[in-house]
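The values are calculated or read from the model by the stated rules, or taken from the named source; none is laboratory data. Because the structure is a prediction, the values reported are computed rather than measured. Here the Cβ positions follow ideal geometry from the backbone for every residue, glycine too, while neighbour counts run over all protein chains shown.
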There are 2 protein chains.
Amino acid sequence: METFLFWIVPASSILALLLAWYFYKQMMRESEGTPIMAKIASHVRRGAMSYLKQQYKMVTMVFIGLVILFSIMAYGFNLQNHWVPIAFLTGGFFSGLSGYLGMKTATYASARTAHAAQKSLNKGLRVAFRSGAVMGLVVVGLGLFDISFWYLLLEWCIPADAMNPTAKLCMITTTMLTFGMGASTQALFARVGGGIYTKAADVGADLVGKVEAGIPEDDPRNPATIADNVGDNVGDVAGMGADLYESYCGSILATAALGAAAFIGTGDTEMQFKAVIAPMLIAAVGILLSIIGIFAVRTREDAGMKELLKSLSVGTNLSSALIVAATFVILWLLDINNWVNLSLSVIIGLAVGVIIGRSTEYYTSQSYKPTQKLSESGKTGPATVIISGIGLGMISTTIPVIAVVAGIILSYWLASGFDFSNVAMGLYGIGIASVGMLSTLGITLATDAYGPIADNAGGNAEMSGLGEEVRKRTDALDSLGNTTAATGKGFAIGSAALTGLALLASYIEEIRIGLERLGTTVLELPNNLSIAIHEASFTDFMLYYDVTLMNPKVLSGMFIGSMMAFLFCGLTMNAVGRAAARMVEEVRRQFREIKGILEGKAEPDYARCVQISTKGAQHEMVFPSLLAIIAPVATGLVFGVPGVIGLLIGGLSSGFVLAIFMANAGGAWDNAKKYVEEGNFGGKGSEVHRATVVGDTVGDPFKDTSGPSLNILIKLMSMVAIVMAGLTVSWSLF
Amino acid sequence: METFLFWIVPASSILALLLAWYFYKQMMRESEGTPIMAKIASHVRRGAMSYLKQQYKMVTMVFIGLVILFSIMAYGFNLQNHWVPIAFLTGGFFSGLSGYLGMKTATYASARTAHAAQKSLNKGLRVAFRSGAVMGLVVVGLGLFDISFWYLLLEWCIPADAMNPTAKLCMITTTMLTFGMGASTQALFARVGGGIYTKAADVGADLVGKVEAGIPEDDPRNPATIADNVGDNVGDVAGMGADLYESYCGSILATAALGAAAFIGTGDTEMQFKAVIAPMLIAAVGILLSIIGIFAVRTREDAGMKELLKSLSVGTNLSSALIVAATFVILWLLDINNWVNLSLSVIIGLAVGVIIGRSTEYYTSQSYKPTQKLSESGKTGPATVIISGIGLGMISTTIPVIAVVAGIILSYWLASGFDFSNVAMGLYGIGIASVGMLSTLGITLATDAYGPIADNAGGNAEMSGLGEEVRKRTDALDSLGNTTAATGKGFAIGSAALTGLALLASYIEEIRIGLERLGTTVLELPNNLSIAIHEASFTDFMLYYDVTLMNPKVLSGMFIGSMMAFLFCGLTMNAVGRAAARMVEEVRRQFREIKGILEGKAEPDYARCVQISTKGAQHEMVFPSLLAIIAPVATGLVFGVPGVIGLLIGGLSSGFVLAIFMANAGGAWDNAKKYVEEGNFGGKGSEVHRATVVGDTVGDPFKDTSGPSLNILIKLMSMVAIVMAGLTVSWSLF
């Protein structure tokens, strides 16, 4: 039965990829509109592609360096298993591919969306949404495809007589985590590089164009406009694609590894296998249900905003409702231990995602009090806007944290069969909750990814002079996307927290394997106890390494972990600041030196601005990203296993809260400005508007560079720790 | 020998108080200058006193509520020992008294400093510094006085036959921690209330006066000027006094409790007594050496800025050098176990404080690159100033965290005799390091507290029209104070981290006592082990409650702890924003409605502004402060002991990093503005200046409200947990 069920996983991944290809072809058949529209789109496309090429070159160098390091560790010193370097590479490759394909689609779709929006809102939505769906389906399709590919490859390659079956499955799942590290590394570079690119261009374009010269957003007279639009693609599309590919794979792989670990040494190979494939199956069925949801997004030809929003909600809600029902069926068919409670964990995961999403919406949408009050604080100038926005962002961390805490406790409690000492099953429950949260990623990502496409379509419409009406429609699509995207962001950030915990547990598993490779067979525990390593529980490893909260190495690791989150944010914030300053100077120079530019008589030098953003991003992304890779290794070498666990937990708890703070403060500033632009507190051009524009500009790197990168930082540090565990167990200073 | 040595403690505390009284009398003999100066000073003094009265009323109500609660727990349910309610009250009383006396001195000193500064810079320094020394000596004097008083009282009142001698000493030291909770509660209200007051007035005065009306700081035409000057006194003086009283007592009490715990059940009562009095003795000798340092601050009559700075540094450096030497002598005389290593821990503590101070100076002083670059970012407007400042602040957390981590590991390692499993002695070493760091508080606080006095003197000079020269001198004194205060802040923040850890360890001790009170005699450990409770080590308690990093209750507590730090900051930021907005409206109203105010023909309604700040602070301080008290109790009731420990650790690691971020970002913004005002990047009145003023305004609540309050939050949550431990051990939901 379970072997048969397993084949659903590769099958549904292939189905997703086929459908993505079909939607792509369908989109390509649409017209790009006037030659000017096509020309602008091709400008943006070429800028984006040339940036991505640059970025992939840089990342390739980092990957080569890391693969050499891993190869030395694996083949030279036997500190790692031999699959690590290759698995690492493929993870990075597929994560990059997801971003690339999503971005390619988006850059082809923007002019087509603008053209379609000339006809009707609904037509515009269809093109944009289907293009967003390409990205959603590519991410989940490639993700599950890789996972099943690697699973089958390892299953086939590792000889059955080398070890007992439960140990083998454990070996397979932990090796697959390496492929997650590849994805995380790629994702971090994509998020940080793309984030710096897009915000340098955006901040630069806004500060000189909107604030100083007083011309509208995306005005063709602004030299940074093309760079700004390129930025939306490389940051919000390619960056997000790589990011969510990583989240998706990370949660499934971590949960599979926990499933394997929960049954290691019990001899119950069948149940272990079920626990390993359960997360994959939930994800696979989630793909099928996402596809149903995507097709359910249909409206009448002359639909208004409300109907459109409703039809999008119908799609996502339908998928979520179905996955809940389907999970019960899957886990019942699998006949896994404690299947009812595990299914409830999936509901909990979904509920946590929805609560975080709703809370994000409440704190950042101009339909609610907090953001309206933030706009009002503009009456007393930009300083009070900043103070209030930071206050709002910090307070907004409360509900998400409480939701995640409730999710952790309840999913653990249920999965452990109401017995807190059943650590392995409890942690597995947390993993299953995170998989549940991301299971309908196919559709939630579609509703998230079409926003930037609509935004770009708006830019295209503005630059091609299509007129107010079209711009209004694309703006409506964009803001529609913002509402649905809030939920998507909630899922991404919530899953980062839960996956971070699941990865932490996988780290312990990796420690076991590392110790065994070093020849350790027995763990010496306090009070003169000892236990065979293959029988040791999570708690035994905690005792062996004294990972309690009174161990100064754990405490040191925690301080460093908290600091890492802040340092990383600070570095990316400053990177945006520096790159934006260069952009501002360039735009000012062009306004000054190119005569007739503001009258629309001379064409600005778009290419130079694109180049400045590209260089800035390339230059600035390396240090913070490498830091994320080096920190866990260095902490391990100094403080050993307890230090690393402290680092991961400290980084997770601080990073999660910091990420929510930054994302929500940034979102609220953005919408507070929009609220004023809608005509409140004096409307566009008023003092209050100028004050909220400052807030919006500060918020840009908050919500699009530092905040989302933190999600990946949390997981990448865990992934690095897992891959380098072999080194950490063999030597440390203290 | 050791009994004789103990008497140094009360003796030096009384000496400090006598000297403070002498300095006070000496200051009062100086002339207040012209009648206008005296009148303005009396305005400020009355405003400050009336605010403090209001605040103490409010705090008294909270104290009454808590004392009733503690009494019910102690006398009704036997969940606490009977001394708790009274000890709690005295701690609060003395903390408040420290703030009150410091503020009273400061408000009398401001006009006198301005008058003295008319004659020479040196004369001004002497009056201001001696008045600052009053505060320094009052804080350390009252602190050690209370500690020795309570120690003697409990020693005398608890009958020797009720328990064995080591258990008795343990009981005494943990009871004394309650008195620390009283001090923390008072300090939090003082910091939060005073911080809101001062920043509402400051932000309000700056936004309308400096930015909109274009009149200088402290101009008598600005209706918020008096409120601003009152704010400096209630926030920077009274708030800081209560805060450091709490830090000082907290570190000594926590270390004493750890010293008692390290020897409980060994039967070595003598060594236990030595370990308890060692921190008190180091502090007592620190007082004597501070006094020497204070008298060493002497300069020639016509000394310039450089000489003044040098003479201040000579004072603090001399005290620090002497305390290192003295510690070796004290611990050798005490003949305490491992005395050489413990003395080295004191050096480590001092070194950590100095490193944090230097790093603060580097990141926030306009003499160094980071702040200069921050000023430069003003070229592209206020948004980039904010982005760069936040980036700078976040990056600036790195060195302090590494210093604290090194301090934790090294002081633990040394004190444990290079054996990480010797947890009790290791933690005692961390405590000793924190005591070492604060031992010279008498003089470091003097160099810190004279800054606000000089600032106020400047305000007085401005309002009384004393002319440029005097104002320049008081500004010079103020900025001189900023440099020395950086070190003081480093000590305050570093000691909060170390004391937080020491308090955490004391919490475990309290758990033991709570369990014993409930009748538990044996702890059931994992793997079917059990141990008698009076023989259980720290690690055994960790096992008993499963306080490992894989326990979901611990993880939940950590997430909540991180969130608490952010929520608390957000609430206080918003409080300042709201109160400042009200102030802005009032100042604008007065400018509009009172004719002739800007021409200096009509007197503004200062009293109304004072009233607005007072009401705002009163109103806004209650919720965040109560939250800090409720959070550990609620977490304990839901998640039990593991949850509380997670909460404290999560709050400590995130809160420490967040506090440094906020303090340094705020400091850098302040000085970036000053750097521009010194004539760089266009100087006063330029676009860059306007941009940096926005940064400075945002930085105000960062560095003077939220940042410093976090230091107290960290410790108050631990104190509450300690006092409420009896409740937590007896019941929890999970």
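Of the residues in segment B:1-43, how many are assigned to a loop (DSSP other than H, G, I, E, B) and either within 23 Å of the chain's Cα centre (by Cα) or touching a residue at least 12 places away in the same chain (Cβ under 8 Å) (or both)? Quick ask: steps written out before the conclusion?
Filtering segment B:1-43 for residues assigned to a loop (DSSP other than H, G, I, E, B) gives B:1, B:7, B:29-34.
If we keep only those that are either within 23 Å of the chain's Cα centre (by Cα) or touching a residue at least 12 places away in the same chain (Cβ under 8 Å) (or both) as well, we get B:1, B:30-34.
Qualifying residue count, segment B:1-43: 6.
For residues in segment A:525-560 being aliphatic (A, V, I, L, M) and more than 22 Å from B:Val641 (Cα to Cα), which is farthest from the other protein chains (Cβ to nearest Cβ)?
Initial filter on segment A:525-560 (aliphatic (A, V, I, L, M)): A:525, A:529, A:531-533, A:536, A:542-543, A:547, A:549-550, A:554-555, A:558, A:560.
Next cut, more than 22 Å from B:Val641 (Cα to Cα) only: A:525, A:529, A:531-533, A:536, A:560.
Details: A:Leu525: 7, A:Leu529: 6, A:Ile531: 8, A:Ala532: 13, A:Ile533: 15, A:Ala536: 11, A:Ile560: 6 Å.
Among those that are aliphatic (A, V, I, L, M) and more than 22 Å from B:Val641 (Cα to Cα), it is A:Ile533.
For segment A:337-430, which helices (runs of 4 or more DSSP H) that fit wholly inside it have 2 or more residues that are at negative phi and away from every other protein chain (no Cβ under 14 Å)? Reasoning before the result, please.
On the way: elements: A:339-364, A:369-376, A:382-395, A:398-415.
Result: A:339-364.
For first residues located in segment B:462-480 and within 20 Å of B:Ser313 (Cβ to Cβ), partners that are among the basic types (Lys, Arg) and outside any helix (DSSP H, G or I) and lie 6+ apart or on another chain with Cβ distances below 6 Å do not occur.
What are the residues in segment A:656-685 that are in a loop (DSSP other than H, G, I, E, B) and either of a type in the set (Gly, Ala, Ser) or free of Cβ contacts under 8 Å to residues at least 60 places away in the same chain (or both), if any?
So in segment A:656-685, the residues in a loop (DSSP other than H, G, I, E, B) come out as A:678-679, A:683-685.
Once the filter is applied, which keeps residues that are in a loop (DSSP other than H, G, I, E, B) and either of a type in the set (Gly, Ala, Ser) or free of Cβ contacts under 8 Å to residues at least 60 places away in the same chain (or both), segment A:656-685 yields A:Gly679, A:Gly683, A:Lys684, A:Gly685.
Confirm whether B:Gly726 is part of a helix (DSSP H, G or I) and modelled with pLDDT under 90.
Working: part of a helix (DSSP H, G or I): yes; modelled with pLDDT under 90: yes.
The answer is yes for B:Gly726.
Taking the residues in segment B:276-295 that are farther than 16 Å from B:Gly250 by Cα and hydrophobic (A, V, I, L, M, F, W, C) as candidates, determine which candidate is surrounded by the fewest Cβ atoms within 10 Å (Cβ to Cβ). So, considering only residues that are farther than 16 Å from B:Gly250 by Cα and hydrophobic (A, V, I, L, M, F, W, C), the one surrounded by the fewest Cβ atoms within 10 Å (Cβ to Cβ) is B:Phe295. The single residue among B:Tyr51, B:Tyr22 that is crowded, with 20+ Cβ neighbours inside 10 Å and of a type in the set (Phe, Trp, Tyr) turns out to be B:Tyr51. Scanning segment B:561-580 for residues that are more than 7 Å from chain A (Cβ to nearest Cβ) and of a type in the set (Val, Ile, Thr) yields a count of 1. For A:Ile252, the requirement of being at pLDDT below 90 and over 15 Å from A:Ala617 (Cα atoms) is not met.
Quick check on A:Ile356: is it buried (at least 17 other Cβ atoms within 10 Å of the Cβ), in contact (Cβ under 8 Å) with a residue 24 or more places away in the chain and touching a Pro at 6+ places or on another chain (Cβ under 6 Å)?
Working: buried (at least 17 other Cβ atoms within 10 Å of the Cβ): yes; in contact (Cβ under 8 Å) with a residue 24 or more places away in the chain: yes; touching a Pro at 6+ places or on another chain (Cβ under 6 Å): yes.
Considered against the rule, which asks whether it is buried (at least 17 other Cβ atoms within 10 Å of the Cβ), in contact (Cβ under 8 Å) with a residue 24 or more places away in the chain and touching a Pro at 6+ places or on another chain (Cβ under 6 Å), A:Ile356 comes out as yes.
In segment B:59-84, what count of residues is obtained for those that are modelled with pLDDT under 90 and within 30 Å of B:Leu445 (Cα to Cα)? Counting residues in segment B:59-84 that are modelled with pLDDT under 90 and within 30 Å of B:Leu445 (Cα to Cα) gives 1. The set of residues from segment A:71-107 being on the phi < 0 side of the Ramachandran plot and in contact with a Lys or Arg (Cβ under 7 Å, 6 or more places away or on another chain) comprises just one member, A:Thr107.
All of A:Ala449, A:Ala485 fail the test of being free of Cβ contacts under 8 Å to residues at least 60 places away in the same chain, among the hydrophobic types (A, V, I, L, M, F, W, C), within 30 Å of A:Ile291 (Cβ to Cβ) and away from chain B (no Cβ under 14 Å), apart from A:Ala485. Scanning for something over 25 Å from the mean Cα position of the chain (by Cα) and either under 12 Å from B:Ser439 (Cα atoms) or crowded, with 24+ Cβ neighbours inside 10 Å (or both), does segment B:254-261 turn up at least one residue? For segment B:254-261, residues over 25 Å from the mean Cα position of the chain (by Cα) and either under 12 Å from B:Ser439 (Cα atoms) or crowded, with 24+ Cβ neighbours inside 10 Å (or both): present. Hey, any hits in segment B:233-246 for a residue that's closer than 30 Å to B:Gly600 by Cα and touching a Pro at 6+ places or on another chain (Cβ under 8 Å)? Yes, that holds for at least one residue. The residues of segment A:608-630 that are under 21 Å from A:Lys39 (Cα atoms) and without any contact (Cβ under 8 Å) to a residue 12 or more places away in the chain amount to a single one, A:Gln611. The condition (being in contact with a Gly (Cβ under 8 Å, 6 or more places away or on another chain) and either within 14 Å of another protein chain (Cβ to nearest Cβ) or surrounded by fewer than 23 Cβ atoms within 10 Å (Cβ to Cβ) (or both)) is satisfied by just one residue among B:Arg517, B:Arg512: B:Arg517.
Would you confirm whether any residue within segment B:327-336 is closer than 27 Å to B:Gly695 by Cα and among the aromatic types (Phe, Trp, Tyr)? Spell out how you get there, then give the answer.
Taking segment B:327-336 as the starting set, the residues that turn out to be closer than 27 Å to B:Gly695 by Cα are none.
Within segment B:327-336, none of the residues are closer than 27 Å to B:Gly695 by Cα and among the aromatic types (Phe, Trp, Tyr).
Within segment B:639-661, if we keep just the residues that are hydrophobic (A, V, I, L, M, F, W, C), touching a Ser or Thr at 6+ places or on another chain (Cβ under 8 Å) and more than 9 Å from every other protein chain (Cβ to nearest Cβ), the residue that is nearest to B:Leu392 (Cα to Cα) turns out to be B:Leu647. Here segment A:662-703 is the region considered, the condition is being at the interface with chain B (Cβ under 8 Å from one of its Cβ atoms) and over 17 Å from A:Lys379 (Cα atoms), and the residue that is surrounded by the most Cβ atoms within 10 Å (Cβ to Cβ) is A:Pro701. For the residues A:Leu716, A:Leu733, A:Leu652, the requirement of being farther than 26 Å from B:Val694 by Cβ and surrounded by fewer than 24 Cβ atoms within 10 Å (Cβ to Cβ) singles out A:Leu733.
Flag: A:Gly636 does not match the condition of being touching a residue at least 60 places away in the same chain (Cβ under 8 Å), within 10 Å of another protein chain (Cβ to nearest Cβ) and buried (at least 24 other Cβ atoms within 10 Å of the Cβ).
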